[in-house]
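As structure tokens, the structure follows; a few thoughts come after it.
The values are calculated or read from the model by the stated rules, or taken from the named source; none is laboratory data. Note that the structure is a prediction, hence the values are computed from the model and not measured. Methodologically, a virtual Cβ is constructed for each residue, glycine included, from the backbone with ideal geometry; neighbour enumeration extends over all protein chains shown.
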């Protein structure tokens, strides 16, 4: 699912659906952040995509607000 141009339904083409790049892009972003993609899918029901980022790169909302304030002061 995370390979470029992957389509689960071979009958779909570019005019009726996406390019098949979405999850490939997500995968590469997550790799660059040492994060992981968890996928749960059931045929006929749907799919769930969960991104897990390491706690070491998380920023609290108060820290983010302080960084914005510093950037705006410059």
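Filtering the range 22-68 to residues that are loosely packed, with under 10 Cβ neighbours inside 10 Å and in a helix (DSSP H, G or I) leaves 32, 55, 56, 57, 61, 62.
Looking at residue 14, is it exposed (fewer than 11 other Cβ atoms within 10 Å of the Cβ) and either part of a loop (DSSP other than H, G, I, E, B) or modelled with pLDDT under 75 (or both)? Break it down stepwise before answering.
Details: exposed (fewer than 11 other Cβ atoms within 10 Å of the Cβ): yes; either part of a loop (DSSP other than H, G, I, E, B) or modelled with pLDDT under 75 (or both): yes.
The answer is yes for residue 14.
Contact annotation: residue pairs with Cβ atoms under 8 Å, 6 or more positions apart or on different chains, pairing a residue in the range 23-48 that is at positive phi with a partner that is modelled with pLDDT under 90 and in a helix (DSSP H, G or I), are 34/57.
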